[in-house]
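Peer 1: Here it is, the structure, as structure tokens.
The values are calculated or read from the model by the stated rules, or taken from the named source; none is laboratory data. In this text the structure is predicted, and so the values were computed from the model without any measurement. All Cβ positions, glycine included, derive from the backbone under ideal geometry; neighbour counts span all protein chains shown. Remember, those area values only see protein heavy atoms, side chains included, never the ligands or the DNA or RNA. Shrake-Rupley method; radii C 1.70, N 1.55, O 1.52, S 1.80 Å.
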Amino acid sequence: MPAPPTPSSPSRPTVSEREARQVAEAAREQDWRKPSFAKELFLGRFRLDLIHPHPLPADEDVQRGEEFLAKLRDFCETKIDGAVIERDARIPDDVITGLKELGAFGMKIDTKYGGLGLTQVYYNKALALVGSANPAIGALLSAHQSIGVPQPLKMFGTQEQKDTFLPRCARTDISAFLLTEPDVGSDPARLATTAVRDGDDYVLDGVKLWTTNGVVADLLVVMARVPKSENGRGGITAFVVEAASEGITVENRNAFMGLRGLENGVTRFHRVRVPAAHRIGPEGAGLKIALTTLNTGRLSLPAMCVGAGKWCLKIAREWSAVREQWGKPVALHEAVGSKISFIAATTFALEAVLDLSSQMADEDRNDIRIEAALAKLYGSEMACLMADELVQIRGGRGFETAASLEARGERAVPAEQLLRDLRINRIFEGSTEIMHLLIAREAVDAHLSVAGDLIDPDKTLSDKARAGAQAGVFYAKWLPKLVAGPGQLPRSYADFHPADHRDLSGHLRYVERSARKLARSTFYAMSRWQGRMETKQGFLGRIVDIGAELFAMSAACVRAEHLRAGGDHGREAYQLADAFCRQSRIRVEELFGRLWTNTDDLDRKVVKGVLGGAYEWLEQGVVDPSGEGPWIAEATPGESRRQNLRRAIG
């Protein structure tokens with residue numbers, strides 16, 4: 001066998017901010033072939049018809065899903081001990097093996113490949129259930145199926161790849177997704193891991209960080225940079241890699257503040273040979289594959305956030321009923337009761353957002369890239385708030401560990417653990433800050449499509465002239481529609497004001513009016529800042545947060561009406577939806593106010609002062625307990641000098 005080629009560039013690629021943006025832009029899905037409720041919402045068009053009546057799953061999907069949930073619940077109650085996982089910082093091998101035998105690793109894989117063929121709706125219900133037993137198990141199953149080998153192969157793999165790998169993923173093998181590197185997070189243009197073509201193989205070299213499931217994985221999806229050649233376009237490319245291949249070393253099993261059972265590591269590739277037949281899609285399509293996979297893959301995180309909310313509500317209810325202060329249960333004190341109301345209403349809304357987005361994903365009639373991103377963003381933020389409120393409701397017992405509570409004879413309630421476990425969801429699969437930018441980019445896509453050349457400094461005068469004419473036609477039709485709408489008519493959305501129930505129609509009218517106000521605000525900002533709009537991250541984040549609240553209000557009302565029409569807790573659902581919408585409207589009004597009245601400009605000046613050392617005097621009077629070492633570990637390609645910590649299960 002000939003000697004493997006040397007990586008073309010062991011150093012990390014140097015790219016400008018503009019080049020990085022171009023890479024990200026090229027990877028995003030450019031076209032909108034299907035309608036999108038959230039996209040329309042950001043454009044000021046409240047398309048209730050896209051989500052109401054609430055879409056429903058097929059009867060056979062419900063039966064298959066409920067049968068599996070019953071088996072999974074029994075497994076969670078009899079085979080999973082969350083306290084043991086927290087104590088040992090590891091999911092026992094027999095639990096993982098049991099999940100394999102149950103078919104939990106093949107929930108989203110088609111039955112013809114040995115999977116269970118569950119819908120997105122029931123896959124998410126399963127994640128919420130198993131995640132409530134222990135969130136690390138939810139992360140294990142989600143990383144395997146939502147972003148690991150099964151999903152990209154399902155969408156982009158060849159038939160031969162599906163026949164080869166999907167049966168393994170359904171029953172025996174664990175998969176992981178490897179994109180992040182020690183110095184590369186949400187800026188993949190700087191990806192340093194290389195894959196050099198050598199005959200019928202590619203040769204991989206590089207280091208990957210935070211490889212969830214990487215310590216125990218059998219199969220890996222690896223993103224690597226392929227050099228451009230005469231026979232290939234090169235670029236960031238996706239590969240299926242056997243984890244036991246020669247040259248792969250798991251150099252560290254990482255430990256975190258939460259998810260103590262997470263099998264997350266640092267993986268080094270040194271001259272690892274991967275058959276060209278294991279490349280997913282063409283060269284250069286890796287980022288597009290990753291982003292498209294995440295369109296629905298992101299729904300796994302809000303699924304576990306919904307499970308967390310349900311558990312928070314259960315504990316808050318039980319504890320607040322028995323804990324008395326000043327002669328009555330603490331739940332009846334307004335300061336505590338408002339927290340319980342927030343948890344109940346928000347859990348209802350999060351489940352509404354999740355189920356609606358998931359059912360739309362199953363039907364495949366709508367483009368849900370924004371809906372899924374909003375669900376991830378909103379779910380991860382609100383779940384952390386709910387967990388924090390639960391800790392506050394529990395008081396000192398909320399801060400105490402479950403093991404300590406049990407040791408002194410009280411119920412072992414892991415409230416503080418939940419708070420620690422949930423915190424990563426604001427970072428996983430796109431941090432809140434990155435999600436704001438991603439969603440904002442999609443939300444202004446229509447504007448950039450017609451007027452982008454007007455604010456692009458690199459475009460010629462003739463390009464700008466054509467863009468100006470095109471924009472004039474678009475805005476002449478669009479802007480007048482933002483002046484008035486159904487939200488100003490008192491009888492609009494009468495379906496949501498049934499007799500003997502709370503009136504939700506007013507909330508939908510508010511959503512419609514607010515959507516038009518949101519669109520006007522976005523247009524004004526683009527007119528004001530033009531090419532500098534992309535730097536106004538505070539403004540863009542608030543725009544997205546308003547959209548998230550409006551989406552959640554819409555979903556909550558639609559779910560309440562769906563439950564009422566089906567005779568399933570309709571009155572209670574209407575009450576929860578009403579409470580959530582009233583709470584949400586307060587947040588929306590605050591966000592609208594902060595669009596134009598904020599400290600963004602002053603904050604930028606302070607930041608420059610901090611970085612320039614102007615406030616170093618403020619840091620005096622403390623000691624730094626941090627250890628020695630570089631801020632970012634060295635990741636130069638080469639042979640590993642460390643023990644391989646990979647462990648196969650089963």
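Peer 1: How large is the accessible surface per residue of the stretch 428-559, computed with a 1.4 Å probe and reported in Å² as a whole number? Let's see the in-between values first.
Peer 2: Details: 5850 Å² over 132 residues.
Per residue, the stretch 428-559 has an accessible area of 44 Å².
Peer 1: Taking all protein chains in place and a 1.4 Å probe, what share, in percent, of the accessible surface of the stretch 268-349 do carbon and sulfur account for?
Peer 2: Numbers: 1920 of 3180 Å².
Accessible surface attributable to carbon and sulfur in the stretch 268-349 totals 60 percent.
Peer 1: So if R0 is 35 Å, what FRET efficiency would residue 49 and residue 524 give, r being the distance between their Cβ atoms, rounded to the nearest 0.05? Kindly include the intermediate steps, with their values, before the conclusion.
Peer 2: Details: r = 28 Å, r/R0 = 0.80.
Plugging the Cβ-Cβ distance into 1/(1 + (r/R0)^6) gives 0.80.
Peer 1: Dividing the alpha-carbon Rg of the stretch 435-491 by 2.2 N^0.38 Å yields what?
Peer 2: It is 1.48.
Peer 1: From Cα coordinates alone, what are the radius of gyration and Dmax values for the chain in angstrom?
Peer 2: 25.6, 83
Peer 1: Can you list the lysines whose alpha carbon is less than 24 Å from that of residue 112, not counting same-chain residues fewer than 8 positions off?
Peer 2: The reachable lysines, counting only those whose Cα sits under 24 Å from residue 112, are 71, 100, 125, 154, 162.
Peer 1: Quick one: putting +1 on the C-beta of Lys and Arg, -1 on the C-beta of Asp and Glu, what dipole do you get for the chain around its Cα centre, in Debye to the nearest 20? Please report the intermediate quantities before stating the final value.
Peer 2: Numbers: 84 positive and 86 negative charges, 258 e Å.
Charge dipole of the chain: 1240 debye, to the nearest 20.
Peer 1: For the stretch 252-390, what is the accessible area per residue in Å² when the probe is 1.4 Å?
Peer 2: Numbers: 4630 Å² over 139 residues.
Per-residue value: 33 Å².
Peer 1: Further question: Give me the net charge of residue 133's neighbourhood, meaning all other residues with Cβ under 13 Å from the Cβ of residue 133; Lys, Arg count +1, Asp, Glu -1. List each step's numbers first, then the result.
Peer 2: Working: positive: 73, 79, 310; negative: 74, 77, 81, 86, 421.
So the environment of residue 133 carries a net charge of -2.
Peer 1: Using heavy-atom solvent-accessible surface (probe 1.4 Å) with all chains present, what is the largest-first order of 454, 602?
Peer 2: Highest to lowest solvent-accessible surface, that is 602, 454.
Peer 1: So for the chain, taking the charge dipole from beta-carbon charges (+1 Lys/Arg, -1 Asp/Glu), which of 303, 573, 69 sits furthest toward the positive end?
Peer 2: Farthest along the dipole direction, towards plus: 573.
Peer 1: Another question about this same structure. So for the pair residue 228, residue 596, with labels modelled 7 Å out along Cα→Cβ, what separation do we get in nm?
Peer 2: 4.7
Peer 1: Can you give the accessible area of residue 296, probe radius 1.4 Å, in Å² rounded to 10?
Peer 2: 30
Peer 1: Here's something else I'd like to know. What are the ³J(HN,Hα) couplings of the stretch 133-139, residue after residue, when phi is run through the Karplus curve with 6.51, -1.76, 1.60 and θ = phi - 60°? Round to Hz, x for glycine and proline.
Peer 2: Listing the rounded values in order: 6, 6, x, 5, 6, x, 5 Hz.
Peer 1: Scan around residue 181 for amide H atoms under 5 Å from its own, H built in the peptide plane at 1.01 Å from N, and keep only partners 5 or more places away or cross-chain.
Peer 2: The answer is 209.
Peer 1: Mean projection of the alpha-carbon convex hull of the stretch 114-201 over all orientations, in nm²?
Peer 2: Values: hull surface 31.7 nm².
Mean projected area for the stretch 114-201: 7.9 nm², to one decimal.
Peer 1: Measure off 7 Å from each Cα along the Cα-to-Cβ vector at residue 256 and residue 620, then give the distance between these two points in nanometres to one decimal.
Peer 2: Simple spin-label model gives 4.0 nm for this pair.
Peer 1: Share of the stretch 44-154's accessible area from carbon and sulfur, percent, 1.4 Å?
Peer 2: 49
Peer 1: Determine the order of 210, 311, 596, 319 by accessible area, beginning with the largest, at a probe radius of 1.4 Å.
Peer 2: Values: 210 135, 311 60, 596 105, 319 40 Å².
Output order, biggest surface exposure first: 210, 596, 311, 319.
Peer 1: Could you tell me how far the Cα centroid of the stretch 341-406 sits from the Cα centroid of the stretch 67-85, in Å?
Peer 2: Comparing the Cα centres of the stretch 67-85 and the stretch 341-406, I get a distance of 21 Å.
Peer 1: Assigning unit charges at the beta carbon (Lys, Arg +1; Asp, Glu -1) and nothing else, what dipole magnitude in debye, to the nearest 20, does the stretch 180-272 show about its Cα centre? Write down the numbers at each step before the final one.
Peer 2: Numbers: 10 positive and 13 negative charges, 60 e Å.
Value, rounded to 20: 280 debye.
Peer 1: Take every Cα-Cα distance within the stretch 95-148, group them into 10 Å bins from 0 onward, and report for each bin the whole-number percent of pairs it holds.
Peer 2: Result, from short to long distances: 26, 63, 11, 0 percent.
Peer 1: Given the whole protein assembly as supplied and a 1.4 Å probe, what does the accessible area of residue 29 come to in Å², nearest 10?
Peer 2: That residue has around 60 Å² of solvent-accessible surface.
Peer 1: Hey, any idea what % of the stretch 461-582's accessible area is carbon plus sulfur with a 1.4 Å probe?
Peer 2: Numbers: 3040 of 5690 Å².
Percent of accessible area from carbon and sulfur atoms in the stretch 461-582: 53.
Peer 1: Using alpha carbons only, what's the Rg to Rh ratio of the stretch 320-365 with Rh from Kirkwood?
Peer 2: Numbers: Rg = 17.1 Å, Rh = 12.7 Å.
Value, to two decimals: 1.35.
Peer 1: How big is the convex hull of the Cα atoms of the stretch 541-615, per residue, in Å³?
Peer 2: Numbers: hull volume 7.5 nm³, N = 75.
Cα-based convex hull of the stretch 541-615, divided per residue, equals 100 Å³.
Peer 1: Suppose accessible area is computed on protein heavy atoms with a 1.4 Å probe; arrange 574, 475 from highest to lowest.
Peer 2: Details: 574 0, 475 30 Å².
Of 574, 475, the descending order of accessible area is 475, 574.
Peer 1: Might you work out the accessible area of residue 378 for me, using a 1.4 Å probe with all protein chains in place, and round it to the nearest 10 Å²?
Peer 2: Approximately 20 Å² of residue 378 is accessible to the 1.4 Å probe.
Peer 1: Let me ask you something else. Once you compute Rg and the Kirkwood Rh from C-alpha atoms, what is the Rg to Rh ratio for the stretch 201-277?
Peer 2: Numbers: Rg = 13.8 Å, Rh = 13.3 Å.
That ratio equals 1.03.
Peer 1: Please give, to one decimal in nm, the separation of the simple spin-label points placed at residue 449 and residue 325, each 7 Å out from Cα toward the Cβ.
Peer 2: According to this spin-label approximation, the distance is 5.4 nm.
Peer 1: Continuing with the same structure: If the chain between residue 97 and residue 494 were fully stretched, how many nm would it gain, using 0.36 nm times the residue separation less the Cα-Cα distance? Numbers along the way, then the final one.
Peer 2: Values: separation 397, 0.36 × 397 = 142.92 nm, distance 5.24 nm.
So the chain would gain 137.7 nm between residue 97 and residue 494.
Peer 1: Please list 3J(HN,Hα) in residue order for the stretch 580-596, calculated via the Karplus relation 6.51 cos²θ - 1.76 cosθ + 1.60 where θ = phi - 60°; whole Hz, with x for glycine and proline.
Peer 2: Using θ = phi - 60°, the values come out as 4, 4, 5, 5, 5, 4, 5, 5, 4, 4, 5, 5, 4, x, 7, 4, 10 Hz.
Peer 1: Name the long-range amide H neighbours of residue 36: under 5 Å, sequence gap of 5 or more, or other chain; modelled H, no Pro or chain starts.
Peer 2: Amide H neighbours of residue 36, under 5 Å, 5+ apart: 367.
Peer 1: Can you work out the Karplus-derived ³J(HN,Hα) for every residue in the stretch 58-68? Use 6.51 cos²θ - 1.76 cosθ + 1.60 with θ = phi - 60°, whole Hz, and x for glycine or proline.
Peer 2: Here the 3J(HN,Hα) series is 5, 4, 5, 5, 5, 4, 4, x, 5, 4, 5 Hz.
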